[in-house]
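K.L.:
Quick one: this structure, given as structure tokens, is what I'll be asking you about.
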Amino acid sequence: MAESWPFVDTFEPNFRPLVVIELAKGTKEETIEWFAKRIVDKKANGGAQLLVKPLVTESGGEHIYLVGASHLRLLLGAETVGLVKECSDNSMRTFTYSSRKTFKDFADDNHNFLTIAECQYIIKHELENLRAKDEKMIPGYPQAKLYPGKSIVRRLLTSGILVQIFPLHDREELKKLRHSWYGRVKVGYQPLDEIRCYFGETIALYFGFLEYFTFALIPMAVIGIPYYVFAWEDYDKYVMFATFNLLWSTVILEVWKRICAIMTYRWGTLLMKRQFEEPRPGFHGVLGINPVTGREEPVYSSIKRQIRIYLVSLPFVCLCLYFSLYVMMIYFDLEQWALDYHEANESNFSSLMLFVPSIIYAIVIEIMNRIYRYAAEFLTSWENHRLESSYQNHLILKVLVFNFLNCFASLFYIAFVLFDMKLLRQSLATLLITSQILNQFAESLLPYWLQKRHKERMKKRMCSLKTDTDLSLVEQVNLEKEMGTYFGTFDDYLELFLQFGYVSLFSCVYPLAAVFAVLNNITEIYSDALKMCRVYKRPFAEPTANIGVWQLAFETMSVISVVTNCILIGMSPQVNALFTDSKTDLILTVALVEHLVLAIKFIMAFLIPDKPRDIQIKLAKLEFESLEALKQQQMKLAAESLKE
């Protein structure tokens, strides 16, 4: 490396705040001085070698600090985290400071070589990797124990000394992004590359998937409209629609893998090596030695964790599932009451009353989903998973199982127990439309209204502030620190997952499901964009190469849709007319068709490559060059040892 850490100057004449650190009110001065010193100290001394500047606030009692970094420091940090950038020959390679001249658009005076999201990600990485050396506790807080190798930031968070760390918005860049993203109503693609540069790959990939899924729904919607108009009561004809549904649900997921690979290769995350995962902040246990790193860290028995999972969490989830089914049976009692009322009165009012039980049930489902989400988060945290990835996987499994049963159990019961296609159509339409309206209100409209009111109050309060500090920066930090925290794409993917279920499982009996899904997703793009830019604090970028476990969740849903659609086809009068003598032959035939369709589905998944051919060649070429470079290095070392 041409430049080593001890020679990097921490002074930057044009300080650019990138990250905000808020400490708790009343934090002791010795703690602040020690923490600030560790942030600005040189890497050789165990510091982060970043820039820190206190922010003068209105009350003066708050401890808010702005963190930035010199251009050189960010470049060296880009090498540390393993960022992948485009070279002058259009290939993608891991960035190294020594070979910086070979990268496209690099110049010593070009401070835009790294995106804003990448700069803030580097600072977050360096702050999280501030580790205790010989300190036994946080200065001023004897109860906040430290040990060699412990992350200082994580200990400050769990001790309540550090309130929050969040990346600061860039007002000019945000204004440009808002204009090109949702500032005007237009028919076209989203600026995914600009979203990625500002919010990072995880957010951009979600919006890319939302856009792709919306376009993928259009064929279903186009077919569904005439199907709805001309075959409303003719359930015989849903055989063709169900057959198309089976092929559609398989193809769109396989094509998405290819599109995802193209995007993440262009962004560099397809080539990024996975970082070693540190223990999550909430993890606790007896102090021991990590056999991999050799560092001291909390150790918790896996047997105790399994006991908590299988003897507490699993029974609780089963109890919640039972309660969900109990509520479902109450819904059917209400349906029967509404039907009896309509038959007795035969009025317009009684006709409207037929939809009331489904609407009430849809609202109850959304409430139960949200309450269960909090319980699932508490249980998963109590299980004490060491890694964040393990925590997320267990949380997603709990939430998906409950949401699937809670949202779709009534539809399965109506379709395969009651055999009432008219009620199935009505329930599916009501659940889908009601859930979409509630989600739009709860996730975007209500938070935006609350944030707008808070912003107006904050502006009035800031007008009376008398200080020499940059008023716009003080105002911005005070506004952003009070914004809600965006906890990731979990809820957004969950909403799309449930929508995919409504469209793929039973849409053949309600062809307009895809139409309403398309309309919802178009508004979802704008409302989610508004939410990211105006409602929540800016999240830190998280490099990712795919949509993770959600790909498996969608594929599992598509397999279930094969089963449900094959059974629906078998239940149609058109098919039943072919097996008037023996229902056993009908069941065996449906099972055979279902197995054949699943076989075709898996063959299609195997034949459609996850990555396009040109990207496969580029990845193979990079792997070959890496092996050759390693071989040359080993030969050089061997030659030097022979000379000695």
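The values are calculated or read from the model by the stated rules, or taken from the named source; none is laboratory data. Everything numeric in this text was worked out from a predicted model, so none of it was measured. Every residue, glycine as well, gets a Cβ built from its backbone with ideal geometry; the counts of neighbours run over all protein chains shown. We work out accessible area using only protein heavy atoms, side chains counted, and drop any ligands, DNA or RNA first. Shrake-Rupley method; radii C 1.70, N 1.55, O 1.52, S 1.80 Å.
K.L.:
In the stretch 119-143, which residues are of a type in the set (Ser, Thr, Tyr) and under 16 Å from Leu74 (Cα atoms)?
P.N.:
Selection gives Tyr121 alone.
K.L.:
Out of the residues in the stretch 378-390 that are farther than 17 Å from Tyr493 by Cα and open to solvent by 10 Å² or more (accessible area, probe 1.4 Å), which is farthest from the chain's Cα centre (by Cα)?
P.N.:
It comes out as Trp382.
K.L.:
Moving on. Name the residues in the stretch 330-377 that are under 30 Å from Phe283 (Cα atoms) and open to solvent by less than 70 Å² (accessible area, probe 1.4 Å), would you?
P.N.:
Met368, Asn369, Tyr372, Arg373, Ala375, Ala376, Glu377
K.L.:
Evaluate the stretch 273-288: report whether one residue or more is in contact with a strand residue (DSSP E or B) (Cβ under 8 Å, 6 or more places away or on another chain) and among the aliphatic types (A, V, I, L, M).
P.N.:
Yes, the stretch 273-288 contains at least one residue that is in contact with a strand residue (DSSP E or B) (Cβ under 8 Å, 6 or more places away or on another chain) and among the aliphatic types (A, V, I, L, M).
K.L.:
Residues being closer than 14 Å to Val19 by Cα and open to solvent by less than 40 Å² (accessible area, probe 1.4 Å): count how many of those fall in the stretch 125-144.
P.N.:
Adding up the residues that qualify gives 3.
K.L.:
Is one or more of the residues making up the stretch 171-184 farther than 30 Å from Cys508 by Cα, open to solvent by 20 Å² or more (accessible area, probe 1.4 Å), assigned to a loop (DSSP other than H, G, I, E, B) and modelled with pLDDT of 80 or more?
P.N.:
Yes, the stretch 171-184 has at least one match.
K.L.:
Regarding the stretch 246-266, can at least one residue be identified that is hydrophobic (A, V, I, L, M, F, W, C), at pLDDT below 80 and under 30 Å from Gly224 (Cβ atoms)?
P.N.:
Checking the stretch 246-266: at least one residue is hydrophobic (A, V, I, L, M, F, W, C), at pLDDT below 80 and under 30 Å from Gly224 (Cβ atoms).
K.L.:
Here's a follow-up. Can you tell me which residues in the stretch 343-369 are free of Cβ contacts under 8 Å to residues at least 24 places away in the same chain and either under 33 Å from the mean Cα position of the chain (by Cα) or not in a helix (DSSP H, G or I) (or both)?
P.N.:
Within the stretch 343-369, Glu346, Ser347, Ile367 qualify.
Yes/no per residue for (1) in a helix (DSSP H, G or I); (2) over 30 Å from Met272 (Cβ atoms); (3) touching a helix residue (DSSP H, G or I) at 6+ places or on another chain (Cβ under 9 Å); (4) polar (S, T, N, Q):
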site: Asp581; (1), (2), (3), (4): no, yes, no, no
site: Leu622; (1), (2), (3), (4): yes, no, no, no
site: Ser626; (1), (2), (3), (4): yes, no, no, yes
site: Glu640; (1), (2), (3), (4): yes, yes, no, no
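K.L.:
Where residues in the stretch 266-320 are basic (Lys, Arg) and over 30 Å from Lys618 (Cβ atoms), which of them is most open to solvent (accessible area, probe 1.4 Å)?
P.N.:
Lys304
K.L.:
Among (1) open to solvent by 10 Å² or more (accessible area, probe 1.4 Å); (2) more than 30 Å from Val477 (Cα to Cα), there is one condition Val84 misses while meeting the rest; what is its number?
P.N.:
(1)
K.L.:
Hey, does the stretch 218-229 have a residue that's at pLDDT below 80, outside the structural domain of Gly149 (by the TED database) and open to solvent by 70 Å² or more (accessible area, probe 1.4 Å)?
P.N.:
yes
K.L.:
So Gln436 ticks every box in (1) open to solvent by less than 50 Å² (accessible area, probe 1.4 Å); (2) in a helix (DSSP H, G or I); (3) within 30 Å of Pro279 (Cα to Cα) but one. Which box is left unticked?
P.N.:
With respect to (1) open to solvent by less than 50 Å² (accessible area, probe 1.4 Å); (2) in a helix (DSSP H, G or I); (3) within 30 Å of Pro279 (Cα to Cα), Gln436 is out only on (3).
K.L.:
When you go through (1) surrounded by fewer than 17 Cβ atoms within 10 Å (Cβ to Cβ); (2) in the same structural domain as Glu524 (by the TED database) one by one for Leu192, which number turns out not to apply?
P.N.:
Among (1) surrounded by fewer than 17 Cβ atoms within 10 Å (Cβ to Cβ); (2) in the same structural domain as Glu524 (by the TED database), Leu192 violates only (1).
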